[in-house]
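The structure appears right after this line, and notes come after that.
The values are calculated or read from the model by the stated rules, or taken from the named source; none is laboratory data. The model shown is predicted, which means the values in this text are computed figures rather than measured ones. Note that we place each Cβ from the backbone using ideal geometry, even for glycine, and neighbour counts take in every protein chain shown. Each accessible area value is taken on the protein alone, full model and side chains, heavy atoms only, with ligands, DNA and RNA left out. Shrake-Rupley method; radii C 1.70, N 1.55, O 1.52, S 1.80 Å.
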Amino acid sequence: MVPKKYKIHRIQAREIISSAARPTIETTVTLGDRRSASVSVPFGASTGKREATTLLDRDKKRYLGTGMLKAMHHVNEILSAELKGMDVRKQQEIDQHMLRLDRTPNKRRLGGNTILSVSLATARAAALALDIPLYKYLRTTYNVRDKHYKLPKPLMVMIEGGEHADNSTDIQEYLIAPMHHTSVHESVRICLEVYAHLKTILQKHKLSTNVGNEGAYAPAGITSNTKPFELIIEAIRKAGYKFNKDMRIGIDSASSQWYNAKKYYLKREKKYFTSQKLIERYQTWVERYKLFYIEDGLAETDWNYWTLLNMRLGNKTMIVGDDLTVTNLELLRYAIDVNAINAVIIKPNQIGTLTQTMEAIQYAHEHRIETIVSHRGGGETNDTFIVDLACAVNAAFLKVGPSRGERVEKYNRLLAIEQEIRR
Ligand code: PGA
Ligand code: ZN
């Protein structure tokens, strides 16, 4: 007999609005004693081809086809009945059951968004029932071996372009991270001071300070992909920090978005690059701008050259898979086997269940691959589950934009966890 307080009584979903002004799904798990917990899930703008499906209604008469009525139906009419009566603490069993019901590799029948919302809401409800913080619950449920909490460093987007902003750089993101991480509140403060100085520097250069999807500046009309490096270095110095001593710079190329017929096209430079030439370009940037981090430097199908990129730069720089690996254990395993990466992005909605996300993280850590838990640039919500996740597993970084409510909510949760752990 499952005690009432742990028994799943009902699961219900709602259509809510994401930061992209487009619907997403929020799911509530209610337990036998009528306590309940909710989770909402995000979606991407520059998604990997092998990500779990975001199930949309495709009814052009509602939200131009992006409604969540089908996803809601699957939760309310299928998953709720299937999972009713189960022990909310049996997370792995619950996830397995949903995988069996879907039976597709990319969760296209029930939807990755649908399944993930139930999976994460289950975990949040279990933590509530046990009366422990979510990050602690995740740590014990998945037997994370670390004894102590080592909170993630902020990896903050400063300038964005690509699919996240019109008419800005080809490179999707220019990021900063503190070199020394004494505390979350100090690290966040330093990054935000640089962000504030960057605003006046952009203005000085007559560039706009409007922000893009992720709350970073998206200077329209910028003519060069390297200008952001100079602007950010200037901002770091203006803020009173030493470039490459206190603060470092990285990029997310999201290069699958500008890769076609085995060529990379940089619009700002009106130039095509072979994989080899693009790697040489990265080498120059690493020397000149001391990049410590290159995410999706090559396209998700350009496997052979990933190995070369990692061989050339992996000893100086984090070579990070995102679209390449999509939080998928099988792809991650392959990437490690062929030595394509030394770090990996983790986004639960790329794979669609908490258990599979944890498997990917634990496999990465067993193979000395650093993990970066990340927000989505498409449609985010105010949900902070990923922050608890990052803390539970001692992820190296938490990647989130610097402004907009749905982004700062994540930093605020991280600050709260820091305070709680220190007490
Ligand atoms: P996305 O992009 O969430 O919009 O897909 C973010 C990223 O590539 O890291
Ligand atoms: Zn990315």
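The table for this structure:
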| item | result |
| --- | --- |
| Within the range 169-199, tally of residues that are in contact with a Ser or Thr (Cβ under 9 Å, 6 or more places away or on another chain) and farther than 14 Å from Val408 by Cα | 11 |
| Residue that is of a type in the set (Ser, Thr, Tyr), in a loop (DSSP other than H, G, I, E, B) and out of contact with any strand residue (DSSP E or B) (no Cβ under 9 Å at 6 or more places or on another chain), where the choices are Thr223, Thr307 | Thr223 |
| Enumeration of residues in the range 139-184 that are part of a helix (DSSP H, G or I) and under 18 Å from the mean Cα position of the chain (by Cα) | Gly162, Glu163, His164 |
| Residue under evaluation Lys242, criteria (1) open to solvent by 20 Å² or more (accessible area, probe 1.4 Å); (2) more than 29 Å from Ala196 (Cα to Cα), criterion not met | (2) |
| Criterion violated by Val344 - all others in (1) touching an Asp or Glu at 6+ places or on another chain (Cβ under 8 Å); (2) open to solvent by less than 40 Å² (accessible area, probe 1.4 Å); (3) assigned to a loop (DSSP other than H, G, I, E, B) satisfied | (3) |
| Cβ-Cβ under 9 Å pairs, at least 6 apart or on other chains, the range 357-378 side on the phi > 0 side of the Ramachandran plot, far side open to solvent by 10 Å² or more (accessible area, probe 1.4 Å) | Arg368/Asn342 |
| Sole residue being under 21 Å from Met247 (Cα atoms), open to solvent by less than 80 Å² (accessible area, probe 1.4 Å) and within 16 Å of ligand 2 (Cβ to nearest atom), chosen from Val320, Val326 | Val320 |
| Index of the failed condition, Glu269 passing every other in (1) out of contact with any strand residue (DSSP E or B) (no Cβ under 8 Å at 6 or more places or on another chain); (2) modelled with pLDDT of 95 or more; (3) surrounded by 14 or more Cβ atoms within 10 Å (Cβ to Cβ); (4) under 26 Å from Asn167 (Cβ atoms) | (2) |
| Residues satisfying the stated conditions in the range 38-53, i.e. within 12 Å of ligand 2 (Cβ to nearest atom) and at pLDDT 95 or above | Gly44, Ala45, Thr47, Gly48, Glu51 |
| Filtered residue count, the range 301-311, keeping only those that are open to solvent by less than 20 Å² (accessible area, probe 1.4 Å) and within 16 Å of ligand 2 (Cβ to nearest atom) | 3 |
| Condition check for Leu324: within 18 Å of the chain's Cα centre (by Cα) and within 16 Å of ligand 1 (Cβ to nearest atom) | yes |
| Elements of type helices (runs of 4 or more DSSP H) contained in the range 2-112, each with 1 or more residues being acidic (Asp, Glu), on the phi < 0 side of the Ramachandran plot and outside the structural domain of Gly215 (by TED's automatic domain parsing) | 80-83, 91-102 |
| Residues (under 13 Å from Leu151 (Cβ atoms) and either part of a loop (DSSP other than H, G, I, E, B) or within 15 Å of ligand 2 (Cβ to nearest atom) (or both)) located in the range 373-400 | Val373, Val393, Asn394, Ala395, Ala396, Phe397, Leu398 |
